[in-house]
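For reference, the structure discussed in these notes is given below.
The values are calculated or read from the model by the stated rules, or taken from the named source; none is laboratory data. These numbers were taken from a predicted model, which means no experiment stands behind them. Every residue, glycine among them, receives a Cβ derived from its backbone with ideal geometry; neighbour counts consider all protein chains shown.
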Amino acid sequence: MKKKQKTATITFKVDLDINNVPEDITWEATDSQEKDNKAKAVIVSVWDASAQTSFKIDLWTKEMMAEEMKFFIIQILDSLSDTYKKSVGDDKIAMEIKKFTKRIGKMSNVLK
């Protein structure tokens, strides 16, 4: 059995208003010197192997403007193309995800 080389923890702290709407999001990682990193939004997806399904958390603060959210989503979609290519090795589908991202990025006026 292989020994663990290292363990890291990523922590998100979400301050909520009285209606449970995020007002402030900060995060930190144990393998980084940076503490209390500010964020306006966070999207986390986790694969549950036993249930064979994904679990998603998406939060954004009141200060996150719609234009920022559009750009954020386009960046996520673009990075998913890279993740798909790296993890699955399927260049064809990765390119289709990139094309889709570019097309909707232009439609939403995020990309020129």
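For the range 53-81, the candidate set comprises residues that are assigned to a helix (DSSP H, G or I) and among the polar types (S, T, N, Q); within that set, the residue that is surrounded by the most Cβ atoms within 10 Å (Cβ to Cβ) is SER81.
For TYR84, the conditions (1) assigned by TED's automatic domain parsing to the domain that holds TRP27; (2) surrounded by 13 or more Cβ atoms within 10 Å (Cβ to Cβ) are fulfilled apart from (1). Residue pairs whose Cβ atoms lie under 8 Å apart, separated by 6 or more positions or on different chains, with the first residue in the range 1-25 and in the same structural domain as LYS35 (by TED's automatic domain parsing) and in a strand (DSSP E or B) and the second among the small types (Gly, Ala, Ser) and loosely packed, with under 10 Cβ neighbours inside 10 Å, do not occur. Considering only residues of the range 24-44 that are at pLDDT 95 or above and loosely packed, with under 12 Cβ neighbours inside 10 Å, which is nearest to the chain's Cα centre (by Cα)? It comes out as VAL44.
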